[in-house]
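Take a look at the structure set out below.
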Amino acid sequence: MIEEETITLYSAPDDAGDRLDRFVARAVTGLSRSYAQQLIAEGRVTVNGRIARASQLLRGGERILVTVPPPQPATLEPEAIPLKIVYEDGDIVVVDKPAGMVVHPAPGHVGGTLANALLARYPEMQVNGGIRPGIVHRLDQDTSGLLVVARNDRAMQALTEQQRARTMLKLYLAVVEGHFKEPEGTIDAPIGRHPADRLRMTVTPGGRPARTHYRVLEEIGNYSLLEVRLETGRTHQIRVHMLHRNKPVLGDPIYGGRRPRPTFGLTRQFLHAHRLGFSHPADGTWREFVSPLPPDLEAALERLRAAARAPKA
C-alpha cells in the first residue's frame, strides 16, 4: 500500500514575501496550487512546526513540512451495501449511518463506504466529481447518526451554502468523562492537525476556527450526557474540543487519554448525530430529522447508570 509522504522544504531569502500556497506548489513537483491550498486547509502543511494558512507570507529561512496523502482511487465502484434511509426525494437523501462505516474512500478504505453504497442505490448520483457523490458533510467512521446527501448539483450547492453559512442544525449526543461547572456553554478553540501525529487533530493557535456548543442533559456518576451542537465542522471537532476541556468522550480510542478507562461495553466512542435540520434545496422549507440512540450506545448508557446507582464499596 502506498503511504503518505512528508516532504521537507526550506524557503530561501529570495522567497520572502511569497505566499505559502504559491511556494509549495512551485517547490513540490506535480503539485497544483489548488491542491497545495487543499493540503494547507487540511493542516498538512506546517511552517516552523505551526499550522499555517495559504495566504501566509514567507520571510525566508522557514522550515516547511508538506504531508501528501496517497492518491485516492480514480473511480468509485457501486456496492450493494444496505443503508438505513430516513428520507429521500428527487433532491436529497437522509441516511442514518451505522458506526463502523466510512463515509467516502480514503487510504485504507477504498471500498465498503457510504459513497459506494449510495452510487449503487442511486446510479445517477454523479455530483461533486464522482468520488464523493453528493457527500455534503461527514461523520467519523465510528460515529453513528444522520447525514444528508445531495442527489443533484443544485441540491449540492444549496446544502453546501447552508454549511458555509452555518445555518444547518447538527446536534449530537455524547457521554464525556467528568462534569462541567456550568449547565451549558461554548468551546471556542481553533483546530488543526497535530504536528507530531498526523492521525490526530489538536487545538492549536494556527488552526482553523472551531466552535462547539454543549448542554448537560444528565450527570451520571463521574460522567455527563451532553447534547452538542456544532457551529463549525472541523475533523474530530467534538472529540478534540472535549479533550481540550479535559472531558474526553467515553470510549474514544484516539482522544480518550493514555491511562486505561472503563468502557461500559463500548467498542467505539459514545458519539451519535441524533438530530439534523436544514432548509430543503427545492422549496426552502425547514426539514428536521431525529435518530434515536443505537442499541450499543443505549446499552452502554444503561450500564453507566447502573454503575452510578450501585453502592460504593
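Computed from the coordinates by the stated procedures, all read-outs in this text should not be read as laboratory data. Note that this is a predicted model, so its numbers are computed, not measured. Here the Cβ is made from the backbone with ideal geometry for all residues, glycine too, and neighbour counts use every protein chain on show.
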Scoring only Lys, Arg, Asp and Glu (+1, +1, -1, -1) among other residues with Cβ under 12 Å from the Cβ of residue 212 yields +4
As straight-line cross-link partners of residue 181, the qualifying lysines (C-alpha separation under 23 Å, not fewer than 8 residues apart within one chain) are 247
Sequence-distant or interchain residues sharing an amide H contact under 5 Å with residue 76, placed H: which?
none
Counting sequence-distant residues (5 or more places) and residues on other chains, those with an amide H built under 5 Å from that of residue 144 are 271, 273
Can you pull the one-decimal nm distance between simple spin-label points at residue 164 and residue 245, each 7 Å off the Cα toward Cβ?
3.0 nm
Rank 32, 65, 20 by how far each Cα sits towards the positive end of the charge dipole of region 5-68 (+1 on Lys, Arg Cβ; -1 on Asp, Glu Cβ) and give me just the farthest.
20
³J(HN,Hα) across region 49-66 via Karplus (A = 6.51, B = -1.76, C = 1.60, θ = phi - 60°), whole Hz, x for Gly/Pro?
x, 10, 4, 10, 10, 4, 7, 4, 8, 7, 10, x, x, 6, 9, 10, 9, 10
Give me D for region 5-68 in µm² s⁻¹, whole number, from Stokes-Einstein with Rh from the Kirkwood sum over alpha-carbon pairs, 10 °C and 1.306 mPa s.
142 µm²/s
Net charge dipole size for the chain [Lys, Arg +1 and Asp, Glu -1 on Cβ; Debye, nearest 20]
940 debye
Taking H placed 1.01 Å from N in the peptide plane, check which residues at least 5 places from residue 175 or on another chain put their amide H under 5 Å from its amide H.
226, 250, 270
Between 133, 262, 281, where does the largest GNM mean-square fluctuation fall for the chain, given springs only between Cα atoms within less than 10 Å?
262
Give the Rg/Rh ratio for region 203-313, taking Rg as the radius of gyration of the Cα atoms and Rh as the Kirkwood radius, to two decimals.
1.02
So if I take the alpha carbon set of region 85-165, get Rg, then get Rh from the Kirkwood formula, what is the Rg over Rh ratio?
0.93
Two-site label geometry, residue 16 and residue 219: point separation in nm, points 7 Å out along Cα→Cβ
5.7 nm
Please check which bits of region 248-272 a label hung off residue 309 would reach, taking the label as a point 7 Å along Cα-to-C-beta and the cut-off as backbone N under 20 Å.
263-266
Considering only 76, 173, 297, give the residue with the highest GNM mean-square fluctuation for the chain, with springs between Cα atoms whenever their separation is below 10 Å.
76
When only C-alpha pairs under 8 Å and at least 6 residues apart count, what is the relative contact order of region 85-165, in percent?
34 percent
In debye to the nearest 20, the charge dipole size for region 247-313, taken about the Cα centre with +1 at each Lys and Arg Cβ and -1 at each Asp and Glu Cβ, equals 580 debye
Expressed as a whole-number percentage, the relative contact order of the chain with C-alpha contacts under 8 angstrom and at least six residues apart is 14 percent
The chain: projected area of the alpha-carbon convex hull, averaged over directions, in nm²
18.0 nm²
Calculate one ³J(HN,Hα) per residue across region 91-104 by plugging θ = phi - 60° into the Karplus curve 6.51 cos²θ - 1.76 cosθ + 1.60, and present them in order as whole Hz with x for glycine and proline.
10, 9, 9, 10, 10, 9, 6, x, 5, x, 8, 7, 6, 9
